[in-house]
1. What is the number of the single condition among (1) touching a residue at least 40 places away in the same chain (Cβ under 8 Å); (2) open to solvent by 80 Å² or more (accessible area, probe 1.4 Å); (3) touching a helix residue (DSSP H, G or I) at 6+ places or on another chain (Cβ under 7 Å) that M106 does not meet?
2. Residues that are open to solvent by less than 60 Å² (accessible area, probe 1.4 Å), in contact (Cβ under 8 Å) with a residue 12 or more places away in the chain and more than 27 Å from P153 (Cα to Cα): does the range 53-76 have at least one?
3. Would you confirm whether any residue within the range 138-153 is surrounded by 10 or more Cβ atoms within 10 Å (Cβ to Cβ), in contact with a Pro (Cβ under 7 Å, 6 or more places away or on another chain) and within 20 Å of L30 (Cβ to Cβ)?
4. Can you tell which of V157, V117 is part of a helix (DSSP H, G or I), under 30 Å from N38 (Cα atoms), of a type in the set (V, I, T) and open to solvent by less than 50 Å² (accessible area, probe 1.4 Å)?
5. Return the residues of the range 121-135 that are under 22 Å from T42 (Cβ atoms) and open to solvent by 50 Å² or more (accessible area, probe 1.4 Å); say none if nothing qualifies.
6. Are there helices (runs of 4 or more DSSP H) fully within the range 1-83 with at least 2 residues that are closer than 30 Å to P174 by Cβ? List them.
Amino acid sequence: MELAQLIRQRRSVHRFEPKDVPVDLVLELLDTAVWVPNYHMTQPWRFIISYGEGKQRMAEAVRQMKEKRETDPAKREATGQRFYDKIMAIPMIITVVMEENTNLIMREEDYASTSCVIQNFSLLAWERGIGLVWETYPWLLESVFREAMGIRPGEKVLGNLHVGYPAQIPNAQPRIPAADRVTIFD
């Protein structure tokens, strides 16, 4: 597929077939995805891949957090179970983590580079018929989640990538043409 076509056809996928994504394929795609511009070649990223029963660690941490926050005792268990089941239904989750440089400028450049890795991975996956959505949630910052997933002090979670074979591909959302957002000085 031509790159311009691939970029325009890629979609954020929220519903997946109950089919495993081969880990070897994901590792191959990540190995290509990391070829992004990166100031001083800090390469601050790492990836935590959770699939199959391996998602239980994350699902259990989220269940704990959701049950703790639910004020209605009658709803507490159901709320926690709902989130547990949601996580377990996703074929694969890749938690993208970045080492936070103490130099603020380098940290921002590293954030941009790590975001580029996610975009590259998204396009490479789409080319192979794999969909994903990049999700961020407040609980990514919480100690229960960080401890469960082995996220170290000094690391930032950029988000979870929900990865799988699309059960449904959403329609394209309109984009503002770049020309409408360009300022030219000549």
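1. Of (1) touching a residue at least 40 places away in the same chain (Cβ under 8 Å); (2) open to solvent by 80 Å² or more (accessible area, probe 1.4 Å); (3) touching a helix residue (DSSP H, G or I) at 6+ places or on another chain (Cβ under 7 Å), only one is false for M106: (2).
2. Looking through the range 53-76, none of the residues is open to solvent by less than 60 Å² (accessible area, probe 1.4 Å), in contact (Cβ under 8 Å) with a residue 12 or more places away in the chain and more than 27 Å from P153 (Cα to Cα).
3. no
4. Details: V157 fails: part of a helix (DSSP H, G or I).
When all the criteria are applied, what remains is V117.
5. Result: W134, single match.
6. Output list reads 3-9, 23-33.
The values are calculated or read from the model by the stated rules, or taken from the named source; none is laboratory data. This structure is a prediction, so every number in the text was calculated from the model and none was measured. Every residue, glycine as well, gets a Cβ built from its backbone with ideal geometry; the counts of neighbours run over all protein chains shown. Heavy atoms of the whole protein, side chains included, go into the accessibility calculation; ligands, DNA and RNA do not. Shrake-Rupley method; radii C 1.70, N 1.55, O 1.52, S 1.80 Å.
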